[in-house]
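Colleague: The structure is given below, and queries will be raised subsequently.
The values are calculated or read from the model by the stated rules, or taken from the named source; none is laboratory data. Worth saying up front: this structure is predicted, and the values here are computed from it rather than measured. So basically every Cβ, Gly included, is an ideal-geometry build from the backbone, and we count neighbours across all protein chains shown. Heavy atoms of the whole protein, side chains included, go into the accessibility calculation; ligands, DNA and RNA do not. Shrake-Rupley method; radii C 1.70, N 1.55, O 1.52, S 1.80 Å.
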Amino acid sequence: MAHGVRVHAVGGPEVLVWEEIPVGAPGPGEVRIRQRAAGLNFIDVYHRTGLYPLASLPAVIGMEGAGDVVELGLGVTSLAVGERVAYAGVLGGYAEERVIAADRLVKLPEAIAYETAAAMMLQGMTVRYLLRETYNVVPGTVVLFHAAAGGVGLIACQWARARDATLIGTVSTDEKAELARANGAAHVIVTSRENFVQRVAEITEGQGCDVVYDSVGKDTFRGSLECLKPRGLWVSFGNASGPVPPFDLSLLKGSLFATRPSLMAYTATHAELAENAADLFGMVESGAIRIAVNQTFPLKEAAAAHAALEGRRTTGSTVFTI
Ligand code: NDP
């Protein structure tokens with residue numbers, strides 16, 4: 001037995017219960033890991049509230065962690081007991097120990113601390129596929145990125161800077177604007193007092209953006225479409241303000257493209273996962289990207305962490321210590 005945070009019924013942060021959880025022995029192709037840190041991500045909120053339904057309840061939520069391999073299941077030869085590993089996108093992260101398929105893990109380079117790994121695996125690999133694969137951001141690409149001071153956002157600002165792209169970020173406060181700028185955003189729009197559609201038109205001198213990365217959803221999708229150049233790409237990758245409602249395709253104005261990607265679809269095979277993680281580790285080890293662990297909570301205080309994330313009181317990444 002170990003301890004973890006489970007959801008017995010969907011609802012507010014109060015449904016997150018710290019308790020004893022069964023871990024079990026690893027089956028064929030699986031390993032048991034002792035986690036040293038776990039990540040907080042907005043998808044955890046969607047799981048907790050039921051926006052993304054869980055397959056069964058009670059469930060240990062959490063999609064990201066880092067730790068040590070402590071037991072190998074039958075047939076696992078790619079890993080050894082004692083190896084440092086990390087993962088993203090596999091439910092069950094809010095736990096001291098867990099069982100996980102060996103091919104969903106990557107080995108963690110010595111230079112990367114457990115907490116840094118737990119902060120960056122999901123958000124960093126997301127930025128990697130968004131900026132390299134969903135749309136290949138190159139020098140001169142003009143990008144609009146919503147929630148630019150968040151976990152995904154601060155990594156995106158830095159990755160766009162490393163690609164010599166022009167990133168326009170949106171944030172809700174001046175403090176967050178400062179942070180986004182310091183991390184590489186060329187322009188920042190403060191949505192509590194500025195109209196982002198108007199500001200993007202001014203900043204781009206009426207040209208619009210090549211690509212808009214929109215994780216806010218309901219509140220921003222119409223404006224986001226207004227900010228694109230003809231044949232630009234709208235990437236709807238999250239719902240922080242609620243899901244995008246069904247809409248008339250004529251909003252795509254005769255030429256725009258729209259996609260609704262997920263990290264899981266871009267790292268479905270081990271080869272894709274390993275390639276993405278290796279690129280991310282390289283960016284972090286070279287210093288091009290610094291992972292901002294701006295909030296840390298003991299895992300048993302998951303409810304407080306959720307309230308802070310939903311309440312827009314966090315910046316950068318948030319990690320649970322275990
Ligand atoms: P963030 O740290 O970015 O937190 C969310 C931010 O969204 C807030 O800080 C806030 O920034 C902004 N926001 C705007 N409107 C609201 C609202 N009504 N309620 C709450 N927040 C709001 O979270 P993450 O970095 O974990 O994730 C960012 C987004 O990316 C999420 O939507 C998430 O679902 C999505 N995502 C999608 C993935 C995919 O593969 N599809 C993978 C990973 C993340 P501000 O106050 O500045 O507006």
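Colleague: With respect to the numbered conditions (1) assigned to a strand (DSSP E or B); (2) without any contact (Cβ under 8 Å) to a residue 12 or more places away in the chain, which one is the sole condition not fulfilled by Tyr52?
Modeller: For Tyr52, the exception is condition (1).
Yes or no, residue by residue, for (1) within 29 Å of Val60 (Cβ to Cβ); (2) not polar (S, T, N, Q):
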position: Gly242; (1), (2): yes, yes
position: His270; (1), (2): yes, yes
position: Ala278; (1), (2): yes, yes
position: Gly287; (1), (2): no, yes
position: Thr296; (1), (2): yes, no
position: Thr315; (1), (2): yes, no
position: Ile322; (1), (2): yes, yes
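Colleague: Here's something else I'd like to know. Could you check how many residues of region 228-237 are within 16 Å of the ligand (Cβ to nearest atom) and assigned to a strand (DSSP E or B)?
Modeller: Looking only at that region, the number is 4.
Colleague: Continuing with this model, one more query. Could you tell me how many of the residues in region 309-322 are within 14 Å of the ligand (Cβ to nearest atom) and closer than 19 Å to Met120 by Cβ?
Modeller: Count: 8.
Colleague: Condition check: under 24 Å from the mean Cα position of the chain (by Cα), within 16 Å of the ligand (Cβ to nearest atom) and buried (at least 20 other Cβ atoms within 10 Å of the Cβ). Does Ile33 satisfy that?
Modeller: no
Colleague: Can you tell me which residue among Glu133, Glu83, Glu110, Glu97 is closer than 21 Å to Leu299 by Cβ, at pLDDT 95 or above and open to solvent by 20 Å² or more (accessible area, probe 1.4 Å)?
Modeller: Answer to the selection: Glu97.
Colleague: So if I check each of Pro58, Pro53, Pro22, Pro28, which one is open to solvent by 30 Å² or more (accessible area, probe 1.4 Å) and within 16 Å of the ligand (Cβ to nearest atom)?
Modeller: Testing whether each residue is open to solvent by 30 Å² or more (accessible area, probe 1.4 Å) and within 16 Å of the ligand (Cβ to nearest atom) leaves just Pro53.
Colleague: Next up: When region 252-269 is examined, which residues are found to be open to solvent by 40 Å² or more (accessible area, probe 1.4 Å) and in a helix (DSSP H, G or I)?
Modeller: Within region 252-269, Met264, Ala265, Tyr266 meet the criteria.
Colleague: Quick one: count up the residues across region 142-163 that are within 18 Å of Glu226 (Cα to Cα), open to solvent by less than 10 Å² (accessible area, probe 1.4 Å) and either among the polar types (S, T, N, Q) or more than 14 Å from the ligand (Cβ to nearest atom) (or both).
Modeller: 1
Colleague: Output the residue which, of all residues in region 275-322 that are part of a helix (DSSP H, G or I), open to solvent by less than 20 Å² (accessible area, probe 1.4 Å) and touching a helix residue (DSSP H, G or I) at 6+ places or on another chain (Cβ under 7 Å), is nearest to Gly65 (Cα to Cα).
Modeller: If we take residues in region 275-322 being part of a helix (DSSP H, G or I), open to solvent by less than 20 Å² (accessible area, probe 1.4 Å) and touching a helix residue (DSSP H, G or I) at 6+ places or on another chain (Cβ under 7 Å), then Ala277 is nearest to Gly65 (Cα to Cα).
Colleague: Check off (1) crowded, with 16+ Cβ neighbours inside 10 Å; (2) more than 16 Å from the chain's Cα centre (by Cα) for Glu272 and give me the number that stays unchecked.
Modeller: In the conditions (1) crowded, with 16+ Cβ neighbours inside 10 Å; (2) more than 16 Å from the chain's Cα centre (by Cα), Glu272 misses (1) alone.
Colleague: Name the strands (runs of 3 or more DSSP E) wholly within region 164-227 that hold at least 2 residues that are open to solvent by less than 40 Å² (accessible area, probe 1.4 Å) and either closer than 20 Å to Gln123 by Cβ or among the basic types (Lys, Arg) (or both)?
Modeller: Per the criteria, 166-171, 209-214.
Colleague: Considering only region 245-258, I want to know if a residue exists there that is under 19 Å from the mean Cα position of the chain (by Cα) and within 16 Å of the ligand (Cβ to nearest atom).
Modeller: no
Colleague: Of Val127, Val188, which residue is within 15 Å of the ligand (Cβ to nearest atom), among the hydrophobic types (A, V, I, L, M, F, W, C) and under 16 Å from the mean Cα position of the chain (by Cα)?
Modeller: Within the list Val127, Val188, the selection yields Val127.
Colleague: Going by the conditions given, is Gly242 part of a helix (DSSP H, G or I) and open to solvent by 10 Å² or more (accessible area, probe 1.4 Å)?
Modeller: no
Colleague: Out of (1) more than 9 Å from the ligand (Cβ to nearest atom); (2) farther than 23 Å from Leu263 by Cα; (3) of a type in the set (Ser, Thr, Tyr), the odd one out for Tyr135 is which?
Modeller: The number of the failed condition is (2).
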